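For reference, the structure is listed below as structure tokens.
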Amino acid sequence: MAKNTVFIHTNNKQLLGAKIAHYAIFKHLNDKDSVDVKIINVDNLSIFKDFSNKKYLRKGTEITYNPQDLQSFTLSRFMPPQLMNYEGKAVVIDPDIFPLIDINQLFNIELQNNAIACCPKKDDWDTSVMLMDCSQLKHWRIENIINDLINKKTDYVDWMSLKMEKNILPLPREWNSLDSLSDETKLLHTTQRLTQPWKTGLPIDFTRNKLPKLFGLIPREWVLKIRGKYPSKYQAHPDKNIERFFIQLIKESLENNFVSREFIEKEIEAKHVRPDLLLLIDKS
């Protein structure tokens, strides 16, 4: 039987987050050998390089896959069953998700014959954290998923919200706690891209969703820019506890050789992380 494995999917721009997520998993394991942790970096995968600049549907609108977007990795969250040869259990998390508990608590949840467990949203499902029975997901093949998107057979949103899946077990929101750090939080998700703590002050490099026009005519972005409410740079996280939490995790990751100062220096030079990150670590 395949060993329980956590997959952290990412790209180069979010690689620091992925490495810190790996450390957070390791930190809380009671048995350090009980699970494997693997990072999926789409910038190293030919299937995503070939997808570059291809058009596909998102909410019925044709858009172009941009490998330079902050979230170019999202489709890779459907790769773990294939990488596990459709055996055993896997967990997939975004690179901005950090466990505060032993991840085995998630693996130990009884799926009750469901293929997937994840948190429900208002009308669909949040797939940024998923527990999967890989044997039930043999129809998840990344080559087919991308080809169907290119050929307009499926819509990106249908995949992201699991529209085509039926056997799903709802998880309590503490398994994917959205920018909320409390005693109940099991996995902290710094989901607001604008305020990710390692990005503060950098120019925004993600594709913003278009806002509905005012009165159906006036672009809302223009109005927000005039009012100074449409920033061009990443903003400080509104919860200082979350910023401190993340800085402490990075400091521990350095001490435990999950990242090096040289790696962080290169990430700063590449403008993937805030320029004062090492100063913040040294002061903490």
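Throughout, read-outs are computed from the coordinates displayed, never taken from laboratory work. Keep in mind that what you see is a predicted model, and the values were worked out from it rather than measured. Ideal geometry is used to build each Cβ from the backbone, glycine not excepted, and the neighbour counts take in all protein chains shown.
Among the listed pairs K199/K251; K49/K199; K13/K54; K89/K138; K32/K186, which are separated by more than 23 Å between their Cα atoms?
Where the Cα-Cα span goes over 23 Å, the pairs concerned are K49/K199.
Counted residue by residue at 0.36 nm each, then reduced by the alpha carbon distance between them, the extension gain from K55 to N257 reaches 68.7 nm. Within the chain, the proportion of Cα pairs with more than 33 Å between them is 23 percent. Among the GluC sites (Glu not before Pro) within the stretch 125-185, those in coil by DSSP and having at most 13 neighbouring Cβ atoms inside 10 Å are E184. Among the trypsin sites (Lys or Arg not before Pro) found in the stretch 11-51, those both in a DSSP coil and sparsely packed, with 15 or fewer other Cβ atoms within 10 Å of their Cβ, are K32. Between A236 and M164, the contour length at 0.36 nm per residue exceeds the alpha carbon distance by 22.2 nm.
Ranking Q82, L187, A236 by Cα position along the charge dipole of the chain, where only Lys, Arg, Asp and Glu carry charges on their C-beta atoms, puts A236 farthest toward the positive end. Model label sites at I109 and K283, defined 7 Å from Cα along the beta-carbon direction, differ in position by 3.8 nm. Which residue, T190, T64, T127, has the most motion in a Gaussian network model of the chain that connects Cα atoms within less than 10 Å? The residue with the greatest mean-square fluctuation here is T64.
For the chain, adding -39500 (n - 2.57) for each run of n ≥ 4 DSSP H residues and dividing by the number of residues yields -7500 deg cm²/dmol at 222 nm. Once the chain from K271 to N144 is taken as fully extended at 0.36 nm per residue, the excess over their C-alpha distance is 42.4 nm. Partners of K163 within straight-line reach, counting aspartates and glutamates whose Cα lies under 13 Å from its Cα and excluding those fewer than 8 residues away in the same chain: D123, D124, D126, D155.
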